[in-house]
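Q: Okay, here's the structure, questions in a sec.
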Amino acid sequence: MTSTRLVAEPVISLRGVTAGYRGVPAIENIDLSIAPGEMVGLVGPSGSGKSTMLRALTGTADLYAGEVSLNGVPVRRGHPTRAIGFVPQLTSIEPDLPLRAADAVLQGLAATSRRVPWYSKAERAKAHALLERLGLAGYERTPIGQLSGGQQQRLLLARAMISDTNLVMLDEPTSGVDLQTLQDILGLLADLRAQGTTILLTTHDLNWVAAGLPRIVCINRRIAADGPPRAVLTPDILEATYGARVRIVRDGDRILVTDHRTVPA
Ligand code: ADP
């Protein structure tokens, strides 16, 4: 008897991907498959290709080899897919842009709404509900430049969530925010994931962010390791990726990556 096993199609699939800019590869031979509802952190030193990997997925980097697909649909350069909610780095917010918070959230509908910029009542109500859910009730008419860094980060998340995507990708969502905001953001992402959304984020933060995720992909142009924190956050893997020796401290389930020199034996 043959058994048929239903395997969910990956939300994200990269096969043999080499990608970069103007003929120069920044990531090489990447194989990565992310299933629906996974929450994955992409870690690696500065310049290791984390943002490029996200750009390969959004169709904004040059693809030199391999295949990239989202929800089974091939991604082509210059043809941004509608399937993603993308949260750019906070530094990409132009503080002087005369844009109110609610309108910034509605911009997340630009790829799918027929009404841009005349949004429907239902779309406006949705933006309002998202702002409320992300702790920004009452800020609808506030110019985005007047929001704090943590508020701007939550605003970018609302903007990514408004199009009911099954995939949210975030580029360094926790850098430059305080600890409370960081925990708020991780809590919101966990809620989203509990509703079935697939989440891929890049992070510099091995301790507060990466160590708490179910799966980490460590890259330095190529994938150096892929697995749960206890398998990936090891001195050898981190030395191979970051070029520095670190010490790993375990306290039950908690993993702490620390400077090798500062912790007494
Ligand atoms: P990370 O996000 O890990 O810091 P990036 O993906 O931004 O790394 O960068 C990987 C490499 O690609 C770096 O060498 C960087 O200089 C180069 N790079 C990034 N963006 C561009 C770009 N727009 N044009 C040319 N080179 C770029």
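Please treat every number below as a calculation from the coordinates, not as lab data. None of the values given here were measured: they were computed from a predicted structure. Here the Cβ is made from the backbone with ideal geometry for all residues, glycine too, and neighbour counts use every protein chain on show.
Q: Sorting LEU189, LEU99 on the 10 Å Cβ count, fewest up front, what's the list?
A: LEU99, LEU189
Q: Specify whether the C-alpha gyration tensor of region 74-204 places it in the rounded, prolate or oblate class, a ≥ b ≥ c being the square roots of the eigenvalues: rounded for a/c under 1.5, otherwise prolate if a/b is larger than b/c and oblate if not.
A: Rounded.
Q: So, one more: If amide H atoms are built 1.01 Å from N in the plane of the peptide, which residues on other chains or at least 5 residues away come under 5 Å of the amide H of TYR64?
A: THR18, ALA19, GLY20
Q: Follow-up question, since we're still on this one. Considering the zone a paramagnetic label at GLN89 would reach in this model (a point 7 Å from Cα along the Cα-to-Cβ line), which residues of region 192-230 have amide N under 17 Å from it?
A: 201-206, 219-221
Q: While we're looking at this one, here's another question. What is the magnitude of the charge dipole of region 144-193 about its Cα centre, with +1 placed on the Cβ of each Lys and Arg, -1 on the Cβ of each Asp and Glu, and no other charges, expressed in debye to the nearest 20?
A: 80
Q: Could you work out the relative contact order of the chain, using alpha carbon pairs under 8 angstrom and six or more residues apart, expressed as a whole percent?
A: 21
Q: Which value in nm describes the separation of the simple spin-label points at VAL249 and SER33, placed 7 Å from the Cα toward the beta carbon?
A: 3.9
Q: Now for a different question. How much mean residue ellipticity at 222 nm does the chain get from its helices, if each DSSP H run of length 4 or more adds -39500 (n - 2.57) and you divide by all residues, to the nearest 500 deg cm²/dmol?
A: -7500 deg cm²/dmol
Q: Could I ask something else about it? Given a Förster radius of 22 Å and the C-beta distance between GLU140 and ASP191 as r, what FRET efficiency does 1/(1 + (r/R0)^6) yield to the nearest 0.05?
A: 0.50
Q: Would you kindly state how much longer the chain becomes between ARG15 and GLU67 on full extension, computed as 0.36 nm times their sequence separation minus their alpha carbon distance, in nm to one decimal?
A: Here the segment from ARG15 to GLU67 would lengthen by 18.2 nm.
Q: Given Cβ point charges of +1 (Lys, Arg) and -1 (Asp, Glu) and nothing else, what value in debye, to the nearest 20, does the dipole of region 174-227 about its Cα centre take?
A: 320
Q: Of the DSSP beta bridges with both residues in the chain, give the percent that are antiparallel, rounding to the nearest 5.
A: Once the DSSP bridges in the chain are tallied, antiparallel ones form about 65 percent.
Q: Over the chain, how many percent of alpha carbon pairs lie in each 5 Å bin up to the one with the longest distance?
A: 1, 6, 12, 16, 17, 16, 13, 9, 6, 2, 1, 0, 0, 0
Q: For the pair ALA125 and ARG77, how long in nm is the line joining their label points, each one 7 Å along Cα→Cβ?
A: Going from the ALA125 label point to the ARG77 one covers 4.4 nm.
Q: How much length is gained if the chain between ARG100 and SER46 is pulled fully straight, taking 0.36 nm per residue apart and subtracting their Cα-Cα distance, in nm to one decimal?
A: Full extension of this stretch gives 16.2 nm more.
Q: Return TRP208, TRP118 ranked ascending by Cβ neighbour count within 10 Å, so the fewest neighbours appear first.
A: Going from sparsest to densest Cβ surroundings: TRP118, TRP208.
Q: Can you tell me, using C-alpha contacts under 8 Å and at least 6 residues apart, the relative contact order of region 183-265 as a whole percent?
A: 18
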